[in-house]
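The values are calculated or read from the model by the stated rules, or taken from the named source; none is laboratory data. Everything quoted here is computed from the prediction, not taken from an experiment. Cβ placement follows ideal geometry from the backbone for every residue including glycine, while neighbour counts extend to all protein chains displayed. Keep in mind that these areas ignore ligands, DNA and RNA; they rest on the heavy atoms of the full protein, side chains included. Shrake-Rupley method; radii C 1.70, N 1.55, O 1.52, S 1.80 Å.
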Amino acid sequence: MIAFDSSFTMTIDGKGEEGAATLPVINPATETLVAMSPDASMAQLDQAVEAARRAFPLWRARPLAERQETLRRMGEAILAHLDELKRLLTSEHGKPHADAERELRGAAYWCATYAGFSLPERVTLDTPERRSVTRRVPIGVVGAIAAWNFPITLASWKVVPAILAGNTVVLKPSPFTPLTTLKIVELWREILPPGVVNVISGGDALGPAMTAHPGIDKITFTGSTATGMKVMAGAAETLKRVTLELGGNDPAIVFPDVDVEATARDLFWAAFANNSQICVAVKRLYVHEDIYDAFAKALVDYAATVKVGDGAEQGTGIGPIQNRPQFERVMALIEDARRQGLAFLSGGIGRPEGKGYFVPLTVVDNPPDDSRVVREEAFGPVLPLLKFKDTDEVIRRANDSEYGLAASVWTKDGALAEEVASQLDAGTVWINETRVMSPFTAFGGHKRSGIGVENGEEGLLEFTNVHTTVTRRQAPQA
Ligand code: NAD
């Protein structure tokens, strides 16, 4: 029986391990302690890597059907404990119960869906002289490093395809949100052979140590662009493969033919769901000048109907910012906007009273393109609403960013939408929606939003090396 109250252990070689020390995990809605989480020592990192190395030849040799069946069972284990996991995720993250449940169900769906995937094999040359076949083989030990905004989604996007392909994993959740991840891997101890998925939690030293570790063959990382650059530099020492899912500053472009109220509602959630702590949140909202005022009013009116509060309370639509450092960064960005004399359509006010990392939902009225609220990824509820006049102009402004993660186009004119979408520099462009992710669809960033992709067959292949056999049809003869 798994206890969900207070005991949190890492999983190393299939066994529960206390940390060498502990770290507090704080509920961001109440600023109270949720639990102490293990803080792994470097020796424990070595043990986890050694366990993964020992498990690798055994796991890769298992038939694909067995690995697929294992994934199915891993998904079922999440669903069997959905209620406890949901409460735990809300308490350590802050997001509303409904969002926590959606995240957990998503991870289970990823397990079930990837259980139907297999590795491709292609005959690349077939002539009278020779035949060559290109297969995909696992890489070895994968180090998976996740951010705090979607702890379970991000971990599952890494662990699930990695082990389907035959790799073994050392997973590190963010120190801000380790608990639900630790519990899920604890549930999996009964399902996975020892060493196939290890999870270690800890402080700031652990990520760089994984990146540099000679026993890890690949790093799959989700986090900020600044940290991603460090990961890439650290991985170069041992020539590790890397997949980097990094920051975004996604533009949405709204043409004047839309239904203003309905589009404002959808774009409210596109920008503010999860308190805007989404890599693909809309972070720059360009609205055609003909409907700008009506749209701004509809957006702000809708915002006033959404309850911001403790995610554990009924009716909460948006929780707190997940952690104090992020809260301070977002408040500093609002303060800077105020100092610059920018106008606010909502929010923009100082630090709220009381407990919890709550930031007033802030919409900035048509700030200049070179202001910080437009240039930077806020990763909090600060949305610049920007006026545009013509299509070429808005495409140029939307592309004027170091990021290129995703974008969206909103119009009833299908041809216009396709034309604009084709010109946006982003890994994903949605038309009349956002944030739709699928295990069948590759997702990744252009420019400084990342390297490589997750999801889809392309995402699975990132956990493989190419292995080609070239066979001369006739052996050498005297
Ligand atoms: P972060 O970069 O601070 O931390 C991410 C992870 O890296 C954490 O587990 C952290 O402990 C670890 N880490 C910290 N320093 C490290 C180092 N030097 N080497 C290796 N690992 C290290 O990011 P965050 O604040 O947790 O997450 C927010 C960022 O993540 C935002 O920029 C957001 O856009 C991005 N993000 C991107 C995606 C995507 O798929 N593109 C998804 C979610 C979040």
Review point. So which residues in region 237-266 are more than 9 Å from the ligand (Cβ to nearest atom), outside any loop (DSSP other than H, G, I, E, B) and either open to solvent by 20 Å² or more (accessible area, probe 1.4 Å) or among the acidic types (Asp, Glu) (or both), if there are any at all?
Key: Arg241, Val242, Asp250, Val260, Glu261, Ala262, Arg265, Asp266
Point to revise | Filter result (touching a residue at least 40 places away in the same chain (Cβ under 8 Å) and either near the ligand (Cβ under 6 Å from one of its atoms) or under 28 Å from Val280 (Cα atoms) (or both)) within region 199-212 | key: Val199, Ile200, Ser201, Gly202, Gly203, Ala205, Leu206, Gly207, Met210, Thr211
Review point. Just checking, which of Thr124, Thr113 is open to solvent by less than 40 Å² (accessible area, probe 1.4 Å) and more than 16 Å from the ligand (Cβ to nearest atom)?
Key: Thr113
Revision key, fill the gap. Requiring at least 1 residues that are among the small types (Gly, Ala, Ser), the strands (runs of 3 or more DSSP E) wholly within region 1-103 are 15-17, 21-27, 32-39
Check your understanding: Only one of (1) of a type in the set (A, V, I, L, M); (2) within 16 Å of the ligand (Cβ to nearest atom); (3) over 24 Å from Leu179 (Cβ atoms); (4) assigned to a helix (DSSP H, G or I) is not met by Ala294, so which one is it?
Key -> (2)
Review point. In this structure, does Ala270 turn out to be within 16 Å of the ligand (Cβ to nearest atom) and surrounded by fewer than 24 Cβ atoms within 10 Å (Cβ to Cβ)?
Key: no
Point to revise | Criterion violated by Leu187 - all others in (1) within 16 Å of the ligand (Cβ to nearest atom); (2) open to solvent by 10 Å² or more (accessible area, probe 1.4 Å) satisfied | key: (1)
Review point. Restricting the first residue to region 213-236 and requiring it to be more than 10 Å from the ligand (Cβ to nearest atom), which pairs with a second residue that is open to solvent by 30 Å² or more (accessible area, probe 1.4 Å) and among the charged types (D, E, K, R) meet a Cβ separation below 6 Å and a spacing of at least six or different chains?
Key: Gly215/Arg53; Lys218/Arg241
Point to revise | Unmet criterion (only one of (1) under 23 Å from the mean Cα position of the chain (by Cα); (2) in a loop (DSSP other than H, G, I, E, B); (3) of a type in the set (S, T, N, Q)) for Thr305 | key: (1)
Practice item. Return a yes/no flag: does region 21-38 have any residue that is assigned by TED's automatic domain parsing to the domain that holds Trp110, surrounded by 15 or more Cβ atoms within 10 Å (Cβ to Cβ) and under 15 Å from Glu190 (Cα atoms). Key: no
Practice item. Inspect region 298-307 for any residue being under 23 Å from Ala426 (Cβ atoms), outside the structural domain of Gly459 (by TED's automatic domain parsing) and more than 10 Å from the ligand (Cβ to nearest atom) and give the result as yes or no. Key: yes
Study note, to complete from the structure: Within region 131-180, the count of residues that are part of a strand (DSSP E or B), in contact with a helix residue (DSSP H, G or I) (Cβ under 8 Å, 6 or more places away or on another chain) and among the β-branched types (Val, Ile, Thr) comes to 7
